[in-house]
1. So, LEU118, is that one in a strand (DSSP E or B) and more than 30 Å from ASN267 (Cβ to Cβ) or not?
2. Which residues, taken from the range 24-54, are of a type outside the set (A, V, I, L, M, F, W, C) and in contact with a Gly (Cβ under 7 Å, 6 or more places away or on another chain)?
3. Mind checking whether some residue in the range 33-43 is among the acidic types (Asp, Glu) and in a loop (DSSP other than H, G, I, E, B)?
4. Go through the range 155-176 and count every residue that is touching a residue at least 12 places away in the same chain (Cβ under 8 Å) and over 21 Å from ALA29 (Cβ atoms).
5. Looking at the range 116-162, which of the residues that are crowded, with 21+ Cβ neighbours inside 10 Å and of a type in the set (Gly, Ala, Ser) is nearest to LYS300 (Cα to Cα)?
6. Taking the range 326-358 only, how many residues are in contact with an Asp or Glu (Cβ under 6 Å, 6 or more places away or on another chain) and either surrounded by 16 or more Cβ atoms within 10 Å (Cβ to Cβ) or of a type in the set (A, V, I, L, M) (or both)?
7. Looking at (1) of a type in the set (Gly, Ala, Ser); (2) part of a helix (DSSP H, G or I); (3) in contact with a strand residue (DSSP E or B) (Cβ under 8 Å, 6 or more places away or on another chain), which is the only condition GLY111 fails?
8. Can you tell which of PHE71, PHE113, PHE76 is in the same structural domain as SER25 (by TED's automatic domain parsing) and either in contact (Cβ under 8 Å) with a residue 60 or more places away in the chain or surrounded by fewer than 16 Cβ atoms within 10 Å (Cβ to Cβ) (or both)?
Amino acid sequence: MLKELKKGKNKKEKVFVGMSGGVDSSVAAFLLKKRGYEVIGIFMKCFNLDGCAERDAEDARRVAEKLEIPFYVWDFEEEYKKKVVEYMVEGYRQGITPNPDVMCNREIKFGIFLEKALKMGADYVATGHYVKLKTENLKTKKLYIANDKNKDQSYFLWTLIQKQLKHCLFPIGDYLKSEVREIAKKAGLPTAEKKDSQGICFLGKVTLNEFLSQYITPKKGAVLNEKGEKIGEHKGAYFYTIGQRHIGTNLRPIINNQQPFYVAEKNVKTNTLILAEGSDNNILFKKEIKISSLNWILGKFPHSAQKVFARVRYRQPLAEAELFSDKGGYKLIFSEPVKFVANGQSTVFYGKDGEMLGGGIIV
């Protein structure tokens, strides 16, 4: 079951593993110890609403005991509130759809966690992300889609740069999820059967709308159809995102149609939503999008135009496109229109061989 793993130059190379209490990071720590690294387990205490963090930390501690590795809890709660939670709330307040998972990776896991680990003598940090890291020309680091396409998490890692990647390890990117669980079972890891977390990590069982309502006051507004006719009410345009299907009970007496309805547009200034009828409705599709905050993993964006394969949502199929520099920013033009494009979300670019080239924010 275990795939052949290339050993480090020095068996005493030190790796700080971000152990979340789940099976993926548990197996990452196991594999790295098997490779001969000196492994230290770290649980990152971040913002959590329902007490899951304490249970997850205890699960991570139990795995560390099984692996006979040192284990510590690092408290990043204040930093997480400021850099991830506040970012997300402000994004919804502005009417966009922010991506807290991308920000968590950039600011926490490969930001302050990496910085602190290096200061404490780490050669590398590692996580349980499903992504493959390869070295080219003994120096350049490249990221690739994981072997398990259904679990691939490269979409959330587009902000990484060479300075960070040279200190990163992603041990499970070559494995399928089923193989990871089998490794955990054979190794007797306590998390082998633990279910994967769902949704935004820090919310736990609290819904996104319930959480946002603590910061943004609900305010009733009009739901419109494509003709501009009022067909219902919502509780605040802030709380919805493009492509969302489940709108609320206020619409059910009004919309009595076989076709599903989706949020096609939202306007927080007028507090209105526009719904599109049917998943193939033209209003849901875009041929061209603008991008800010572009990161090219190998460094500077190489050309005035670059053919790529892109996705604008996690797990969305890759779509052929061309990326251009455009008036101080960037523009992505798709060969065929793509649907459910939401401002604030990430668009991520790949090569035809699965290499992740970079990404940016849709504006």
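The values are calculated or read from the model by the stated rules, or taken from the named source; none is laboratory data. Values in this document were obtained by computation on a predicted structure and should not be read as measured data. FYI the Cβ positions are ideal-geometry reconstructions off the backbone, even for glycines, and counts take in every protein chain you see.
1. Numbers: in a strand (DSSP E or B): no; more than 30 Å from ASN267 (Cβ to Cβ): yes.
Here the answer is no, as LEU118 does not meet what is asked.
2. Filtering the range 24-54 for residues of a type outside the set (A, V, I, L, M, F, W, C) gives 24-26, 33-38, 41, 45, 48, 50-51, 54.
Listed by number, the residues that qualify are ASP24, SER25, ARG35, GLY36, TYR37, ASN48, ASP50.
3. Taking every residue of the range 33-43 in turn, none turns out to be among the acidic types (Asp, Glu) and in a loop (DSSP other than H, G, I, E, B).
4. Counting residues in the range 155-176 that are touching a residue at least 12 places away in the same chain (Cβ under 8 Å) and over 21 Å from ALA29 (Cβ atoms) gives 5.
5. In this case the residue turns out to be SER154.
6. Count: 1.
7. Every condition holds for GLY111 apart from (3).
8. Matching residue, one of PHE71, PHE113, PHE76: PHE113.
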